[in-house]
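This report refers to the structure that appears directly beneath it.
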Amino acid sequence: MPKRYRDIAGDGGSNVAGQVAEQMARLKARMAGVKYTVAVMSGKGGVGKSTITTNLATFFAMQGWRVGVVDADINGPSLAKMFGVRGHQLRLDSSGVLPAIGPLGVQLISMDLFLAEDKTPVVWDGPTAETFLWRGTMEMHTLREFLSDVQWGTLDILLIDLPPGADRMSTMRDLLPDLHGTVVVTIPSAVSQLVVLKSITLARDLLHTPVIGLVENMTSYVCPTCEEVHPLFGQASTDDMPLGVPLLGRIPFDPRMAAAGDQGTPYVLEYGASPAGQALLQMGERVRTFLETVHEEPARSPVS
């Protein structure tokens, strides 16, 4: 006769609590080699958060920093494509998984590196006929593995690109209680800003995680041939938002930015002198200034 959950004493011999405690100890040991951990969040999808993460990571690598990136969007991973490492064969040894290496030595782990085909979703394959996307506890478990089982080594900064949704920030805070801060991404839309206000309140006031600042993406249009910047009329502005957090930058929309992501080349590497490139680099400088007020950092020589 099959047993019900209430018929099983304790954890049924699975030692789940012990396994999680062991994994959290490994996570803590891995993070001991990371100077700064920063989450990039949006609260709402479609605001270009992964583009901001890609170029922010590249900015730090251009300064000579050792950079790691976690693509925490389990069901919609995109960073392997944007860093040009899709199809990379991950290797495993006794010390853990070796991350993929992107431009300027940026280290990356993403669920996309575990999927065999473009059309393959991340689905639960269990002892039930139901098929559904991974969510909730399983996403948290996977993110914990990304942090604890990947050989990050010594890093100056680890960026975590969170999927849309304010609840993901709670998961991140549980896994990394010493998170150095969050970068919040929005667009000049009243709908987006309504959501981002909730995300900032959650991160700063309820989870007590420092909010480094806000990035307003797609604020204007850059002509890709003449590089003139044209305002986008009729949009809301962060100037009207009672945020109480610094504005890290307003990033104009440049069609070449989307093309760079498709080609797997970070935009600032090719178009750093463009209006959007300059805005992204200035954003990176402001994030760096924030972090270096927490811990004194010796000067580094930029990569040419």
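Annotations for the structure displayed:
- For residue 97, net neighbour charge (Lys/Arg +1, Asp/Glu -1) across residues whose Cβ lies under 13 Å away: 0
- Fully extending the segment from residue 282 to residue 23, taken as 0.36 nm per residue of separation minus the present Cα-Cα distance, adds 89.5 nm.
- Using the Cβ-Cβ distance between residue 170 and residue 226 with R0 = 45 Å, the FRET efficiency computed as 1/(1 + (r/R0)^6) comes to roughly 0.50.
- Distance from segment 48-102 to segment 147-226 (C-alpha centre basis), Å: 16
- Pair residue 263, residue 145: separation of 7 Å Cα→Cβ label points (nm): 3.5
- In order along segment 257-268, the phi-based Karplus estimate (6.51 cos²θ - 1.76 cosθ + 1.60, θ = phi - 60°) of 3J(HN,Hα) comes to 5, 5, 5, 4, x, 5, 8, x, 10, x, 4, 5 Hz; Gly and Pro are listed as x.
- Its residues counted as N, segment 146-291 yields a C-alpha radius of gyration over 2.2 N^0.38 Å of 1.12.
- Over segment 156-235, the hull volume per residue, using the convex hull of the C-alpha atoms, is 119 Å³.
- Given 49/198; 44/198; 28/49, the pairs whose alpha carbons are separated by over 20 Å: 28/49
Throughout, read-outs are computed from the coordinates displayed, never taken from laboratory work. Note that the structure is a prediction, hence the values are computed from the model and not measured. Positions of Cβ are backbone-derived with ideal geometry, glycine not excepted, and every protein chain shown enters the neighbour counts.
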